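Working notes, beginning with the structure itself.
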Amino acid sequence: MGEQERELEVAPEWWRWAAENLLRGVPEGQISEQLQAAGVSSTQAGELLSAIVRSPIFVAARPFARSARRHEMLARLQQRMASVACDPTGIPRRSGVSGEELRDVYVAGNIPVVLTDVVTRWPAFGRWTPAYLSERFGDVVVDVTTGRQSDPDYDMHAARHTESTPLRDFVARIAGAANEETNDFYMVANNRVLERTKLGALLDDVVLPDGYCAAQRLLGASALWLGPAGTVTPLHYDTSNILFGQVYGRKRYRMIAPFETSLFDGARAMYAGRDPEKDPMAPVLVKDVVLEPGDALFIPVGWWHHVRALDASISLGINSFPFHNDFDWYRPSNIG
Ligand SMILES: O=C(O)CCC(=O)C(=O)O
């Protein structure tokens with residue numbers, strides 16, 4: 001117990017409680033009333049509050065608390081305004097979005113959108129199927145994640161679950177699971193099969209509208225996702241914007257805006273500690289969208305997303321844009 005606390009004979013938890021409420025911006029009079037209701041005399045309450053506000057630690061903490069309160073207020077305003085939309089849980093579907101509009105409206109505005117006429121123009125659309133990949137690249141040895149169901153943190157521990165297999169065998173495994181849903185095996189982005197193997201040639205089948213991509217630089221900035229129905233990528237966000245092309249099968253996306261800052265509570269790395277398929281997320285607003293084959297979803301940086309494959313699926317995630325697209329500082333671990 002500090003000297004002042006001993007002199008004032010007020011329990012340390014009241015000091016902490018009063019300091020916390022002062023930092024939250026609760027008026028001193030209100031705090032004093034509550035202290036008195038708890039049996040602290042009016043003189044003691046007054047002395048306690050003035051000792052706290054004079055303390056150098058409190059003086060140092062106050063501007064940080066004010067700044068945090070301003071940001072909380074702004075986040076609350078954004079939540080309130082988002083809920084005013086006619087369809088607050090939907091994501092607009094658009095066609096004919098130019099590179100300029102993508103950048104000015106959706107990237108700069110940090111707004112998700114489903115583009116319905118981007119993937120449909122790729123030579124990949126209608127061509128890429130699990131059978132096609134197996135026929136063309138069956139001998140290629142690829143890295144895939146397996147044994148995912150035995151580990152609650154399978155995605156965070158992707159490296160531990162990685163094994164090499166000829167693509168033909170992996171596709172046969174997907175075909176063998178045609179009548180079930182499984183999350184046990186999945187070729188995920190960080191297996192980097194496009195850079196590491198001949199599968200990079202698949203990018204010849206991807207042609208983006210002008211202004212969408214940095215000089216068509218796709219290799220090294222694209223990720224192939226291939227798996228059966230039932231794969232689940234847990235709720236997380238990325239530190240770059242992503243254009244997610246759904247080439248084959250359907251995927252269900254649940255998306256949550258970055259201003260839902262409560263998701264940082266309990267987050268590990270970029271994974272939220274919550275599961276929108278199990279937890280009641282309200283009042284957090286969840287956008288829920290099914291990507292059909294041929295849809296592309298623009299996932300703005302910082303948006304939380306949870307992804308379930310509704311069918312056997314092939315997707316291509318692209319994070320090459322004609323502007324800076326690496327926001328590695330935007331990580332929960334950097335808050336401290
Ligand atoms: O398709 C998936 O399973 C996950 C995609 C994803 O989370 C991403 O591209 O960031």
Test: residue in the range 306-317 that is among the polar types (S, T, N, Q), open to solvent by 10 Å² or more (accessible area, probe 1.4 Å) and within 30 Å of Tyr132 (Cα to Cα): no
When (1) open to solvent by less than 40 Å² (accessible area, probe 1.4 Å); (2) within 12 Å of the ligand (Cβ to nearest atom); (3) under 25 Å from Asp143 (Cα atoms) are applied to Ser320, the one that fails is (2)
Per the filter on the range 60-104, residues in contact with a helix residue (DSSP H, G or I) (Cβ under 8 Å, 6 or more places away or on another chain) and within 27 Å of Trp14 (Cβ to Cβ) are Ala61, Arg62, Ala65, Glu72
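Determine, yes or no, whether Glu277 is open to solvent by 40 Å² or more (accessible area, probe 1.4 Å), over 14 Å from the mean Cα position of the chain (by Cα), touching a residue at least 12 places away in the same chain (Cβ under 8 Å) and within 22 Å of Asp151 (Cα to Cα). Lay out the reasoning, then the answer.
Values: open to solvent by 40 Å² or more (accessible area, probe 1.4 Å): yes; over 14 Å from the mean Cα position of the chain (by Cα): yes; touching a residue at least 12 places away in the same chain (Cβ under 8 Å): yes; within 22 Å of Asp151 (Cα to Cα): yes.
In short, yes.
I'd like the residue in the range 275-299 that is in contact with a helix residue (DSSP H, G or I) (Cβ under 7 Å, 6 or more places away or on another chain) and assigned to a loop (DSSP other than H, G, I, E, B) and, out of all such residues, is farthest from Phe125 (Cα to Cα). Reasoning before the result, please.
Going residue by residue through the range 275-299, those that are in contact with a helix residue (DSSP H, G or I) (Cβ under 7 Å, 6 or more places away or on another chain) are 284-285, 294-296, 298.
Add one more test, that the residue is assigned to a loop (DSSP other than H, G, I, E, B), and what stays is 284-285, 294-295.
Details: Val284: 35, Leu285: 32, Gly294: 7, Asp295: 10 Å.
Among them, the one singled out is Val284.
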Taking the range 241-269 and keeping residues assigned to a loop (DSSP other than H, G, I, E, B) and either away from the ligand (no atom under 15 Å from the Cβ) or buried (at least 19 other Cβ atoms within 10 Å of the Cβ) (or both) leaves Asn241, Gly249, Ala257, Phe259, Glu260, Asp265, Gly266, Ala267
Just one listed residue, out of Ala65, Ala85, is farther than 26 Å from Asp288 by Cα, within 38 Å of the chain's Cα centre (by Cα) and not β-branched (Val, Ile, Thr), and it is Ala65
Checked Leu218, Leu208 against criteria (open to solvent by less than 30 Å² (accessible area, probe 1.4 Å), touching a helix residue (DSSP H, G or I) at 6+ places or on another chain (Cβ under 6 Å) and either touching a residue at least 60 places away in the same chain (Cβ under 8 Å) or outside the structural domain of Asn110 (by TED's automatic domain parsing) (or both)); the one match is Leu218
Filtering the range 152-173 down to residues that are farther than 29 Å from Tyr237 by Cα and in contact with a strand residue (DSSP E or B) (Cβ under 7 Å, 6 or more places away or on another chain) yields Pro166
The correct count of residues that are farther than 16 Å from Val144 by Cα and near the ligand (Cβ under 10 Å from one of its atoms) in the range 223-240 is 6
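Mind checking which residues of the range 158-191 are within 16 Å of the ligand (Cβ to nearest atom) and exposed (fewer than 14 other Cβ atoms within 10 Å of the Cβ)? Full working, then the answer.
Filtering the range 158-191 down to residues within 16 Å of the ligand (Cβ to nearest atom) leaves 158, 161-162, 170, 174, 177, 181-191.
Asn190, the sole residue that qualifies.
The values are calculated or read from the model by the stated rules, or taken from the named source; none is laboratory data. It should be emphasised that the depicted structure is a prediction, and the values quoted were computed from it without experimental measurement. Note: ideal-geometry Cβ built from the backbone for every residue, glycine included; neighbour counts use all protein chains shown. What goes into the accessible areas is simple: the full protein's heavy atoms, side chains included, and nothing from ligands, DNA or RNA. Shrake-Rupley method; radii C 1.70, N 1.55, O 1.52, S 1.80 Å.
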